[in-house]
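The values are calculated or read from the model by the stated rules, or taken from the named source; none is laboratory data. No experiment lies behind these values; they were computed from the predicted model shown. Cβ placement follows ideal geometry from the backbone for every residue including glycine, while neighbour counts extend to all protein chains displayed.
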Amino acid sequence: MTVPTKLYEGKAKILYATEDPHVLLTHFKDDATAFNAQKRGTIAGKGEINCRISAHLFQLLEKQGVPTHFIDCPTPNTMRVKAVTIIPLEVVVRNIAAGSLCQQTGIPLGTVLQPPLVEFYYKNDALGDPLLTDDRLRVMNLATAEQVSRLRSLALRVDEVLSAFFQSCGITLVDFKLEFGTDANGSLILADEISPDTCRLWDQAETDPNRRVMDKDRFRRDLGDVEAAYQRVMERVLQQAL
């Protein structure tokens, strides 16, 4: 049996080469990190849960006209994806004020943001993934003006689709992070993952501010029951037809 060649290992996933240079194999890990990897731990079953959620949501988005890198899932915690050149930007969409937005601006937690706020962060752990202005984006030449415009429109379309989908699951999509890349044809497509690791999700059936949390904030803030929260998200997501 041929051992696949590891191309890259990040905080949550490992990328392997395949026989097709245009296809990669992503292994989702159970490792958990927070605060730019200053806090580390393990969430049992997280890799499989995030892989299955991401696969379902990528297929949903594809049906709604959003191009993604998803191909299929050979095993519960691995995903075959189209090889892309990642644009070093994290695109964050915020529907409700939470997390760093509240800490940095004083906007009260839970404030509804209308229209949704789209932010760009430099994907660079050494620099702490700083928030970028439009002028900094231009000076740093991380993406063309056309790409930035396309990233914004794609992110808002993803938000539109996912907000409605999670609403049908009894979950509020508070905010989320996206990553994009260019494929072999130079087309901009959605990559990485969409999961409780990358989304802030609140259970609509819960009014308690801690009990409603269904995402990695449970790990960040030591709220407990992290695995159970992730499991509930997966069960609700997979119950919904594409």
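Key figures
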{"item": "Per-region count, the stretch 169-222, residues among the aromatic types (Phe, Trp, Tyr) and under 25 Å from His69 (Cβ atoms)", "result": "2"}
{"item": "Total residues in the stretch 194-228, condition farther than 15 Å from Asp175 by Cβ and in contact with a strand residue (DSSP E or B) (Cβ under 7 Å, 6 or more places away or on another chain)", "result": "4"}
{"item": "Residue that is farthest from Thr85 (Cα to Cα), among those in the stretch 32-41 that are in contact with a strand residue (DSSP E or B) (Cβ under 6 Å, 6 or more places away or on another chain) and either in contact (Cβ under 8 Å) with a residue 12 or more places away in the chain or in the same structural domain as Asp215 (by TED's automatic domain parsing) (or both)", "result": "Gly41"}
{"item": "Matching residues, the stretch 111-130, being surrounded by 15 or more Cβ atoms within 10 Å (Cβ to Cβ) and either within 19 Å of Ala164 (Cα to Cα) or touching a helix residue (DSSP H, G or I) at 6+ places or on another chain (Cβ under 9 Å) (or both)", "result": "Leu113, Pro116, Leu117, Val118, Glu119, Phe120, Tyr122"}
{"item": "Where a residue in the stretch 77-93 is within 14 Å of Gly10 (Cβ to Cβ) and its partner, wherever it lies, is modelled with pLDDT of 95 or more and of a type in the set (Gly, Ala, Ser), with Cβ under 6 Å and at least six apart", "result": "Ile86/Gly181"}
{"item": "Hey, Pro108 in contact with a Gly (Cβ under 9 Å, 6 or more places away or on another chain), surrounded by fewer than 18 Cβ atoms within 10 Å (Cβ to Cβ) and either within 30 Å of Ala17 (Cα to Cα) or at pLDDT 95 or above (or both) or not", "result": "no"}
{"item": "Unmet requirement for Gly99, which otherwise passes all of (1) at positive phi; (2) surrounded by 19 or more Cβ atoms within 10 Å (Cβ to Cβ)", "result": "(2)"}
{"item": "Filter pass, Asp20 being surrounded by fewer than 20 Cβ atoms within 10 Å (Cβ to Cβ), on the phi < 0 side of the Ramachandran plot and in contact with a helix residue (DSSP H, G or I) (Cβ under 9 Å, 6 or more places away or on another chain)", "result": "no"}
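Every residue, every condition in (1) under 18 Å from the mean Cα position of the chain (by Cα); (2) over 22 Å from Asn36 (Cα atoms); (3) modelled with pLDDT of 95 or more, yes or no:
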position	(1), (2), (3)
Ala126	no, no, no
Asp134	no, yes, no
Arg138	no, yes, no
Ala143	no, yes, no
Arg152	yes, yes, yes
Leu156	yes, yes, yes
Ala164	yes, yes, yes
Thr172	yes, yes, yes
Lys177	yes, no, yes
